[in-house]
Amino acid sequence: MSTRKIESATFIITSISLLLAAVAIVLLFVLGIKGSKPIFSASGAETDTENDSGNQEDNSQSTGTVPTSVVLDETPDYGQSYIDSIIFLGDSTTAHMRSRGVLTGGTETKQVWSGENNTLNLDYNIDTTTIVYPETGEKITIGQAASLKKPEYMVITMGINNGVAYCTETQFKSYYQKLIDTILENSPGTKIMLQSIFPVSAQKEKDTPSLANSRIDAANVWVKEIAEQNNLRYLETATILKDATGALKPEYDNGDGLHLTADGYRALLEYIRTHGYK
């Protein structure tokens, strides 16, 4: 074979090798992008393609174990003054504490922080969502409220609005972390207690499977894990609200299977008083 033919063959083989290498690099790049998470929309909001298409991750199975050190154990009764020092922040299950009149100040209490429509979604913009600041009636962010009030104690109850039904574990924890960060950035001295999401009635489970108590129980494991990761405390109040089947006790059901009666909230407050944050 002539030198020219050898050089030609070598050139062809080299060219093919370079082409194959380039194709392999492109394939690896494309697969890496498709497998990456989270995905962000044009507005910068975190989204999840499976969640957006309605294929929600099954929350009924939790992951990992949580040390019991974050769970507030039974203590002597800390008394009414302790309850009066707490700001209660949360979704509709917290907002209804005001309408039940169970806190100091009754239905005019200044201790409940929630949204304008007595709800608060656990979602990607939780750090910019506004609440009605009870001291003035104006709408401000949670961070701004924390900066103004500098609460000594705060009980957070989040997840029944948007969280349990629609969030994956990753989203749930990410959004909850945003909430904690914005509070502590503005009021680093506040002692935060994360409260378990309340159970729903057996009928509510049938009517709304996305709020099944198995999903709520799994989400509560996530809440405990968040408390552990942030050196916060966890109030396992859900245990006193459940009947033998794990559903909300009928005597604590306000009628919609989701929100509590005044007696239900009084039971929660009694639990909080006797599981104090030292």
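The values are calculated or read from the model by the stated rules, or taken from the named source; none is laboratory data. Quick caveat, the model's predicted, so the values are computed rather than measured. Reconstructed Cβ throughout: ideal geometry from the backbone, glycine too, with neighbour counts over all protein chains shown.
Given the residues Leu235, Leu269, Leu248, Leu258, which is the only one that is closer than 26 Å to Ala146 by Cα and touching a strand residue (DSSP E or B) at 6+ places or on another chain (Cβ under 9 Å)? If you could, list the steps in order and put the result at the bottom.
Values: Leu269 fails: touching a strand residue (DSSP E or B) at 6+ places or on another chain (Cβ under 9 Å); Leu248 fails: closer than 26 Å to Ala146 by Cα; Leu258 fails: closer than 26 Å to Ala146 by Cα.
None of the other options fit; the residue is Leu235.
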Could you give every pair whose Cβ atoms fall below 6 Å, whose first residue belongs to segment 115-130 and is under 15 Å from Gly90 (Cβ atoms), and whose second residue is acidic (Asp, Glu) and assigned to a loop (DSSP other than H, G, I, E, B), counting only separations of at least 6 or pairs across chains?
-> Thr119/Asp91; Leu120/Asp91
Name the residues in segment 100-139 that are surrounded by fewer than 16 Cβ atoms within 10 Å (Cβ to Cβ), of a type outside the set (D, E, K, R) and farther than 29 Å from Glu169 by Cβ, would you?
-> Gly101, Thr104, Gly105, Gly106, Thr107, Thr136, Gly137
With (1) more than 15 Å from the chain's Cα centre (by Cα); (2) under 23 Å from Met154 (Cβ atoms); (3) modelled with pLDDT of 95 or more as the list, and Lys278 as the residue in question, which single condition is left unmet?
-> (3)
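Of everything in segment 216-272, what is among the basic types (Lys, Arg) and either crowded, with 16+ Cβ neighbours inside 10 Å or modelled with pLDDT under 95 (or both)? Give them in sequence order.
Narrowing segment 216-272 to residues among the basic types (Lys, Arg): 224, 233, 242, 249, 266.
The answer is Lys224, Arg233, Lys242, Lys249.
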